[in-house]
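Undergrad: Dropping a structure here in structure tokens format, bear with me for questions.
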Amino acid sequence: MQIPNHVAIICDGNRRWARERGKSEFQGHNAGAENAVKIGRWLRELGVHTLTFWGFSTENWDREEKEKQHLFALYPRMIDRFLKDAIKEEIKIIHLGRKDRLPKQLINKLREAEERTRDFDKYILNIALDYGGRDEVERAITKLTIDDRAWKIVETENRKWRIDDYLDTAGQPYPDVDLLIRPGAGESQEEKNIRTSGFMIWQAAYAELYFTPKYFPELSKNDIMEAVEEYGRRQRRFGK
């Protein structure tokens, strides 16, 4: 079976999962966080090197204050859970997204996880918080325009700069997404979320897309296996 090097997942459907079960939205987010740990283990068992979870978008700031505060308290606990596996299994943790708006406690926790795992290379776990695809590209272009080194490369080495070198995934062995999974896609016309919402728009340009109506907290090992098997059945020609 062909295994993707990089799987990216939009962690969608936590609130709808909770509402349909008479639970609070907070319980939905908690269930999603617990399942994220399991999904990471399942994908590593399959041999996936890089996994990216999108947990909070640049648009999610418009949500109610109570929900945001719950998420900002939940994420540090979730990072601690991931960190245990990371140290044991040599997983490098990397934060994708803006660093200037998240609560200081959360940023410090992300930096601690990055620092404690920076020398690992067996696996990579990207945690996308306060992340947006357009925002990432805009930030990359801004960094590029003020980087003298970039222009020196063009002038002295006779080669073009690469925007990849300024994205949040710069330097990773598999920055490009092979398989992008969106749970919570919905079955009715009103619920359908058959879109990527700008997630990793540069890195996922040639990603295989997999949509499922199942919500993120209920994704099982069989569901993950089915997505990877579907990826393996597809012909990736990259325009050739």
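Undergrad: Only Lys, Arg, Asp and Glu count, each charged at its Cβ (+1, +1, -1, -1), so figure out the dipole size of the range 1-55 about its Cα centre, rounded to 20 debye.
TA: That gives the range 1-55 a dipole magnitude of about 140 debye.
Undergrad: Given the Cα atoms of the range 1-127, and with Rh set as the inverse mean 1/r over their pairs in the Kirkwood sense, what is Rg to Rh to two decimals?
TA: Rg/Rh: 0.97.
Undergrad: So, one more: Explain nothing, just compute: Karplus ³J(HN,Hα) = 6.51 cos²θ - 1.76 cosθ + 1.60, θ = phi - 60°, for every residue of the range 59-74 in order, whole Hz, x for Gly and Pro.
TA: Whole-Hz 3J(HN,Hα) from phi for the range 59-74: 8, 5, 5, 7, 6, 4, 4, 4, 5, 4, 5, 5, 5, 5, 8, 6.
Undergrad: Let me ask something else about it. For the chain, what % of the accessible area comes from carbon and sulfur atoms, probe 1.4 Å?
TA: Accessible surface attributable to carbon and sulfur in the chain totals 46 percent.
Undergrad: Any idea what the relative contact order of the chain is, in percent, if you count C-alpha pairs under 8 Å spaced at least 6 apart?
TA: 28
Undergrad: Expressed as an acute angle from 0 to 90° and rounded to the nearest 10, what is the orientation of the C-alpha long axis of helix 221-233 relative to the principal long axis of the chain?
TA: Approximately 40 degrees, to the nearest ten.
Undergrad: Another question about this same structure. Given R₀ = 41 Å, what would the calculated FRET efficiency be for Glu218 paired with Glu115, taking r from the Cβ atoms and rounding to 0.05? Write out the running numbers ahead of the final one.
TA: Values: r = 34 Å, r/R0 = 0.83.
The computed FRET efficiency comes out at 0.75.
Undergrad: Output the 0 to 90 degree angle, nearest 10, between the alpha-carbon long axis of helix 104-117 and the longest principal axis computed from the alpha carbons of the chain.
TA: Helix 104-117 sits roughly 70 degrees off the main axis of the chain.
Undergrad: Per-residue counts of other Cβ atoms within 10 Å, averaged by peptide: what ranking do you get for 12-21, 103-112, highest first? List each step's numbers first, then the result.
TA: Details: 12-21: 19.0, 103-112: 15.1.
So the peptides 12-21, 103-112, ranked by packing, come out 12-21, 103-112.
Undergrad: With unit charges on the beta carbons (Lys and Arg positive, Asp and Glu negative) and the dipole taken about the Cα centre of the chain, which residue among Ala8, Ile146, Ala31 sits farthest to the positive side?
TA: Result: Ala31.
Undergrad: I've got another one for you. Only Cα pairs within less than 10 Å get springs; with that Gaussian network setup on the chain, which residue of Leu180, Leu102, Leu167 has the largest fluctuation?
TA: Of the options given, Leu102 has the highest mean-square fluctuation.
Undergrad: As a test of the definition: which semi-axes, in Å, follow for the chain when you take the square root of five times each eigenvalue of its alpha carbon gyration tensor? Largest first, please. Present the calculation step by step, with values, prior to reporting the outcome.
TA: Details: eigenvalues 162, 97, 69 Å².
They are 28, 22, 19 Å, listed largest first.
Undergrad: Just need the relative contact order of the range 1-135 here, percent rounded to a whole number, with Cα pairs under 8 Å and 6+ apart. Write out the running numbers ahead of the final one.
TA: Details: 184 pairs, mean separation 40.0, N = 135.
So the answer I get is 30 percent.
Undergrad: Note down the Stokes-Einstein diffusion coefficient of the range 36-105 in µm²/s, whole number, using a Kirkwood radius over alpha carbon pairs, 25 °C, and 0.890 mPa s. Display every interim value, and only then the final one.
TA: Values: Rh = 13.7 Å.
Reported coefficient: 179 µm²/s.
Undergrad: How would Asp130, Asp80, Asp147 line up by accessible area, probe 1.4 Å, largest first?
TA: Largest accessible area first, the list is Asp80, Asp147, Asp130.
Undergrad: Moving to a separate point now. Please determine, in degrees from 0 to 90 and to the nearest 10, the orientation of helix 133-145 with respect to the longest principal axis defined by the Cα atoms of the chain, where the helix direction is its Cα long axis.
TA: Between the helix axis and the principal axis of the chain, the angle is about 20 degrees.
The values are calculated or read from the model by the stated rules, or taken from the named source; none is laboratory data. Values in this document were obtained by computation on a predicted structure and should not be read as measured data. Here Cβ is always computed from backbone atoms with ideal geometry, including for glycine, and neighbour counts include all displayed protein chains. Keep in mind that these areas ignore ligands, DNA and RNA; they rest on the heavy atoms of the full protein, side chains included. Shrake-Rupley method; radii C 1.70, N 1.55, O 1.52, S 1.80 Å.
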